[in-house]
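Engineer: Let me begin by handing over the structure; questions about it come next.
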Amino acid sequence: MRVFLAGLLAAASILVPTPAQAAPAGVKGVDVSSHQGSVNWSAAWSAGARFAYVKATEGTGYTNPSFAQQYNGSYGVGMIRGAYHFALPDRSGGAAQADYFVNHGGGWSKDGRTLPGALDIEYNPYGATCYGLSQSAMRSWIGAFRDRYRARTGRWATIYTTTDWWRTCTGNYSGFGATSPLWVARYSSGVGTLPAGWSTYSFWQYADAGPLPGDQNVWNGTLDRLRVLACDGPC
């Protein structure tokens, strides 16, 4: 999520973090978007990546031109893969964006190799940090996205965010942690304080560059537990 850094620059009180020097413990993975273009997935697998999140959509008017190569290519080498949607809450409603996401690659199937879709909700790279929404309106927007995604796929969407943005723009709302896996972004040697509602994280994006293509991530658990998340239980 390269826009993450752009968002940090846009938030005056936030400093751009230094990427961690070593990968934290956990199963290694990546997230990629059109910035990476055609990815050498065989090389990424050889370097240790076992999962990938691929940007599918943004708002209701953008699709990643490299999505097919990235999404199918990661799957083809054996990775567990999922799609993510970059939210633009000032452009259209949460349900409409969930529909657009599902209709353009963000669906889910119980094949043991497809993760639930992820909602990338973070600093606005195009304007006001919270997209001009109040905290209550932002909570409602996220809830509408989650509910529609659940209705369309049977899964609760993973939520990607930062603790600072979550506090600022949702009022540190705790109501989604019981069902949505947390994908937290923090470029540091430690994951730090998590957003309210989550006692642990599922995924941690800890650097924007490293030995793997795209952003560097880890899954907080074993590969077998990652397969359980993909399957929504045992396969």
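The values are calculated or read from the model by the stated rules, or taken from the named source; none is laboratory data. As the structure is a computational prediction, the values presented were derived from the model and not from experiment. Here the Cβ is made from the backbone with ideal geometry for all residues, glycine too, and neighbour counts use every protein chain on show.
Engineer: For residues in the range 75-130 being among the small types (G, A, S) and outside any loop (DSSP other than H, G, I, E, B), which is nearest to Q205 (Cα to Cα)?
Structural biologist: Our first condition is that a residue be among the small types (G, A, S); within the range 75-130, this holds for 76, 78, 82-83, 87, 92-96, 98, 105-107, 109, 112, 117-118, 127-128.
Still in the running and outside any loop (DSSP other than H, G, I, E, B): 76, 82-83, 94-96, 98, 118.
On the way: G76: 23, G82: 15, A83: 15, G94: 24, A95: 26, A96: 27, A98: 23, A118: 13 Å.
Among them, the one singled out is A118.
Engineer: Quick one: which residue in R146, R150 is assigned to a helix (DSSP H, G or I), within 14 Å of the chain's Cα centre (by Cα) and not hydrophobic (A, V, I, L, M, F, W, C)? Give the steps one after another, and end with the answer.
Structural biologist: Numbers: R150 fails: within 14 Å of the chain's Cα centre (by Cα).
After ruling out the rest, the residue left standing is R146.
Engineer: Can you tell me how many residues in the range 74-99 are among the hydroxyl-bearing types (S, T, Y) and surrounded by fewer than 24 Cβ atoms within 10 Å (Cβ to Cβ)? Break it down stepwise before answering.
Structural biologist: Of the range 74-99, the ones among the hydroxyl-bearing types (S, T, Y) are 74-75, 84, 92.
Checking the rest, the ones that are also surrounded by fewer than 24 Cβ atoms within 10 Å (Cβ to Cβ) come to 75, 92.
Counting residues in the range 74-99 that are among the hydroxyl-bearing types (S, T, Y) and surrounded by fewer than 24 Cβ atoms within 10 Å (Cβ to Cβ) gives 2.
Engineer: So, one more: Counting only residues that are crowded, with 16+ Cβ neighbours inside 10 Å and polar (S, T, N, Q), which one in the range 194-223 is farthest from A44 (Cα to Cα)?
Structural biologist: Per the criteria, the residue is S202.
Engineer: Could you tell me which residue of the range 224-234 is surrounded by the most Cβ atoms within 10 Å (Cβ to Cβ), considering only residues that are in contact (Cβ under 8 Å) with a residue 60 or more places away in the chain and part of a helix (DSSP H, G or I)?
Structural biologist: A230
Engineer: Now for a separate question. Given G210, G214, G154, G143, which one is within 25 Å of H104 (Cβ to Cβ) and in contact with a strand residue (DSSP E or B) (Cβ under 6 Å, 6 or more places away or on another chain)?
Structural biologist: Details: G210 fails: within 25 Å of H104 (Cβ to Cβ); G154 fails: in contact with a strand residue (DSSP E or B) (Cβ under 6 Å, 6 or more places away or on another chain); G143 fails: in contact with a strand residue (DSSP E or B) (Cβ under 6 Å, 6 or more places away or on another chain).
Result of the check over G210, G214, G154, G143: G214.
Engineer: I've got another one for you. Just to be sure before I move on: is S38 touching a residue at least 24 places away in the same chain (Cβ under 8 Å), polar (S, T, N, Q), assigned to a loop (DSSP other than H, G, I, E, B) and out of contact with any helix residue (DSSP H, G or I) (no Cβ under 7 Å at 6 or more places or on another chain) in the structure I sent? Lay out the reasoning, then the answer.
Structural biologist: Working: touching a residue at least 24 places away in the same chain (Cβ under 8 Å): yes; polar (S, T, N, Q): yes; assigned to a loop (DSSP other than H, G, I, E, B): yes; out of contact with any helix residue (DSSP H, G or I) (no Cβ under 7 Å at 6 or more places or on another chain): no.
The answer is no for S38.
Engineer: Look through the range 52-73, keep the residues that are within 19 Å of R113 (Cα to Cα) and in contact with a helix residue (DSSP H, G or I) (Cβ under 6 Å, 6 or more places away or on another chain), and return whichever of them is surrounded by the fewest Cβ atoms within 10 Å (Cβ to Cβ).
Structural biologist: Initially, the range 52-73 is screened for residues within 19 Å of R113 (Cα to Cα), giving 52-56, 67-73.
Adding the requirement that they be in contact with a helix residue (DSSP H, G or I) (Cβ under 6 Å, 6 or more places away or on another chain) leaves 52, 54, 56, 73.
Details: A52: 29, V54: 29, A56: 27, G73: 21.
Here the answer is G73.
Engineer: Take A44 and tell me if it is assigned to a helix (DSSP H, G or I), touching a helix residue (DSSP H, G or I) at 6+ places or on another chain (Cβ under 9 Å) and buried (at least 24 other Cβ atoms within 10 Å of the Cβ). Reasoning before the result, please.
Structural biologist: Values: assigned to a helix (DSSP H, G or I): yes; touching a helix residue (DSSP H, G or I) at 6+ places or on another chain (Cβ under 9 Å): yes; buried (at least 24 other Cβ atoms within 10 Å of the Cβ): yes.
It is true that A44 is assigned to a helix (DSSP H, G or I), touching a helix residue (DSSP H, G or I) at 6+ places or on another chain (Cβ under 9 Å) and buried (at least 24 other Cβ atoms within 10 Å of the Cβ).
Engineer: What are the pairs with Cβ atoms under 9 angstrom where one residue, in the range 182-210, is closer than 17 Å to D120 by Cα and the other, located anywhere, is part of a loop (DSSP other than H, G, I, E, B) and charged (D, E, K, R)? Sequence gap at least six, or different chains.
Structural biologist: Here the result reads A185/E122; Y187/D208; W204/R186; Q205/R186; Y206/R186; D208/R2, each pair linking the range 182-210 to a residue that is part of a loop (DSSP other than H, G, I, E, B) and charged (D, E, K, R).
Engineer: Among what's in the range 118-177 and is over 25 Å from S188 (Cα atoms) and among the β-branched types (V, I, T), pick the residue that is surrounded by the fewest Cβ atoms within 10 Å (Cβ to Cβ).
Structural biologist: T153
Engineer: Given G175, G221, which one is part of a loop (DSSP other than H, G, I, E, B), in contact with a helix residue (DSSP H, G or I) (Cβ under 8 Å, 6 or more places away or on another chain), modelled with pLDDT of 95 or more and among the small types (G, A, S)?
Structural biologist: Numbers: G221 fails: in contact with a helix residue (DSSP H, G or I) (Cβ under 8 Å, 6 or more places away or on another chain).
Answer to the check: G175.
Residue-wise test of (1) more than 18 Å from W165 (Cα to Cα); (2) at pLDDT 95 or above; (3) among the acidic types (D, E).
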site: P195; (1), (2), (3): no, yes, no
site: W198; (1), (2), (3): no, yes, no
site: P211; (1), (2), (3): yes, yes, no
site: R225; (1), (2), (3): yes, yes, no
site: C231; (1), (2), (3): yes, yes, no
site: P234; (1), (2), (3): yes, no, no
